[in-house]
1. Go through 53-62, 29-38, 196-205, 114-123 and give me the packing order, highest mean Cβ count within 10 Å leading.
2. DSSP beta bridges in the chain, what fraction antiparallel, as a percent rounded to 5?
3. With labels modelled as points extended 7 Å from the Cα through the Cβ direction, what inter-label distance (nm, one decimal) is found for Asp141 paired with Ala123?
4. Given H placed on each backbone N at 1.01 Å, which residues far from Val250 in sequence or on other chains put an amide H within less than 5 Å of it?
5. Please list 264-272, 226-234, 170-178 highest first by mean number of surrounding beta-carbon atoms within 10 Å per residue.
6. On a C-alpha basis, how far is the centre of segment 78-140 from the centre of segment 10-75 in Å? Whole number, if you could?
7. Shape call for the chain from the C-alpha gyration tensor, a ≥ b ≥ c root eigenvalues: rounded (a/c under 1.5), prolate (a/b greater than b/c) or oblate?
8. Just to verify a number: FRET efficiency for Glu181 and Glu74, C-beta to C-beta distance, R0 = 30 Å, to 0.05?
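We did not get these values from a lab; they are worked out from the coordinates using the rules stated. Everything numeric in this text was worked out from a predicted model, so none of it was measured. Ideal geometry is used to build each Cβ from the backbone, glycine not excepted, and the neighbour counts take in all protein chains shown.
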Amino acid sequence: MIKNNYIYVGIEGDHNDYENAKVLLQSIPYDGTSTWGKGADKGFEAFLDASENMEIYDIETDSEVYEQGVHILEPIIEDSSPEAVFETVYGKTKELLKTDKFLTFFGGEHSISIGVIKAFYEAHPDVTILQLDAHTDLRPDFHGSPYNHACAVYDASQNANLIQVGIRSMDSGELPYLDREKCFFAEHMYGQTEWMQESISKMTDKVYITLDLDVFDPSIMPATGTPEPGGMDWNTMIRYLKKVFTQKDVIGFDIVELAPIENIKAPQFLAAKLYYKMLSYKFANS
């Protein structure tokens, strides 16, 4: 296995070696189809920098999950076209699914998730795709390609059990592909908690999470390509994620759309903490 210079949370040790690590982290720094704010191709480096400056004891789970081992793979750097990115990511994910590791991915923009999700639902036909996002991303194609960031979960909507949470922006052309029974709009979530268990009740046992950071309110996550007002706060998010990880078998996840803003470090720290929190929930009983 090829060594690289990436060390998760900056702590060296055998736990991060491929053979020992329980988690694989695949970065896909692609930002070719974003249509407004750019910079998601710089997100992974900012995420790693923040991770190295994060305290690694998780109070809630009384654990230090980095000890499970997070092996950072060589980044997927294909960027010649949306189609080429899709094929490369799809093929790589199929290979990774043959391992016994817990698979995690970090974008890049949301189009990188299309190939990942396809590989997951083919390997696990009963999987639920949980999309945490400000946008529906249900366009069959956009700007001449079905592999645009605006199409991130269209394929999933046609081939898997798609649950959408945090949505507050969409195009009317997406309405034919929207399942209102499985979409939890942000406007209906505000000040309520019933949506948490209701959404979980619509999931199958296995869940893959695709999380666009614009699901958060821009007051705490401004560093994303298309920030939308009215998003989720931190405590609501982690309360919900804890329920999902506790009640379901989360078999992988991706985090996308971190576009760092110069001299503002809070957004990448949020992304780093979120990733660590999700791992902490996954391995809470280990």
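1. Details: 53-62: 12.7, 29-38: 18.8, 196-205: 14.8, 114-123: 22.1.
Answer by packing, highest mean first, reads 114-123, 29-38, 196-205, 53-62.
2. On the way: 3 of 38 bridges.
Percentage antiparallel, nearest 5: 10.
3. 3.0 nm
4. Under 5 Å from the amide H of Val250 lie the amide H atoms of Val207, each far enough along the sequence or on another chain.
5. Per-residue mean Cβ counts within 10 Å order the peptides as 264-272, 226-234, 170-178.
6. Taking the Cα centre of each part, segment 78-140 and segment 10-75 sit 17 Å apart.
7. Numbers: a/c = 1.32, a/b = 1.20, b/c = 1.10.
It comes out rounded by the Cα gyration axes.
8. Values: r = 41 Å, r/R0 = 1.37.
Efficiency computed from Cβ-Cβ geometry: 0.15.
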